[in-house]
Amino acid sequence: MRKTYGYVRVSSKDQNEARQYLDLIEFGIEEKNIYMDKLSGKDFNRPSYHRLVYKKLKSGDLLVIKSIDRLGRNYNEILQEWKYITKEKNVDIKILDMPLLDTDQNKDLIGTLIGDIVLQLLSFVAENERVNIHQRQAEGIRAAKLRGVRFGRPEIQLPDDFEDILDTWQGGGLASKDAIAISGLKYSTFYKKAKIVREQKEKQKEIEPSYNG
């Protein structure tokens, strides 16, 4: 007996998959038969997709997807996966946003030809959009850096008397736990910064004699 499955994909955990779910449920797919990944469409290394395609789908089943870019955004891999699902597994695919991409209906020669052309075109568009998104992100980051925006974790601010604390600690006037507590730093940060300060002082000592001479 034929089963109908749905597949949903969003690129990140911050994106909302509700619209895709709603469209698939309105089509008549049971929620338990809808599989979802929150991963990039750059390739098909997605756990839910693998469970659906390689373990659940059987010959004669129907796979429904909101749009071709939800399947993926890699031109060559979209074509390969489409061929594998429709030819090797003998599963039909329906793309809700593009009726021409409906292997369940367009089974004659002309329908297949048109579907193949549309599939190649939309697969190209999907990958091209992915490339453009990455380019816009890179340009945005570059522009932000030029404006002075800093990325990553903020630099840890050392107390003004950090070097005095180190001198007292290294001279035996403070126990390690007391020096760390006074500095207000974490254990690992304290030792990391202490090493940096020590190395800077050693370099300065190497420079000073040659300068004075």
Among the residues of segment 125-146, is any β-branched (Val, Ile, Thr) and either outside the structural domain of residue 78 (by TED's automatic domain parsing) or modelled with pLDDT of 80 or more (or both)? no
What are the residues in segment 25-69 that are within 20 Å of residue 104 (Cα to Cα), buried (at least 16 other Cβ atoms within 10 Å of the Cβ) and in contact (Cβ under 8 Å) with a residue 60 or more places away in the chain, if any? 62, 64, 69
Looking at segment 60-87 only, could you name the residues that are over 13 Å from residue 7 (Cβ atoms), over 19 Å from the mean Cα position of the chain (by Cα) and not aliphatic (A, V, I, L, M)? 60, 76, 80, 83, 84, 86, 87
Any chance you could count how many residues in segment 8-52 are closer than 18 Å to residue 69 by Cβ, in contact with a Lys or Arg (Cβ under 9 Å, 6 or more places away or on another chain) and either outside the structural domain of residue 83 (by TED's automatic domain parsing) or polar (S, T, N, Q) (or both)? 6
Among the residues of segment 42-100 satisfying the criterion of being outside any helix (DSSP H, G or I) and of a type in the set (Lys, Arg), which is farthest from residue 120 (Cα to Cα)? 58
Among the residues of segment 37-55, is any within 14 Å of residue 93 (Cβ to Cβ) and of a type in the set (A, V, I, L, M)? yes
List every residue pair whose Cβ atoms lie under 6 Å apart, where the two residues are 6 or more positions apart in sequence or sit on different chains, the first residue falls within segment 164-177 and is surrounded by fewer than 18 Cβ atoms within 10 Å (Cβ to Cβ), and the second residue, located anywhere, is not in a helix (DSSP H, G or I). 168/174
Complete set of residues in segment 1-59 that are over 14 Å from residue 73 (Cβ atoms), within 23 Å of the chain's Cα centre (by Cα) and small (Gly, Ala, Ser): 6, 18, 48
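The values are calculated or read from the model by the stated rules, or taken from the named source; none is laboratory data. What you see is a predicted model, and the numbers here were worked out from it, not measured in a lab. Ideal geometry is used to build each Cβ from the backbone, glycine not excepted, and the neighbour counts take in all protein chains shown.
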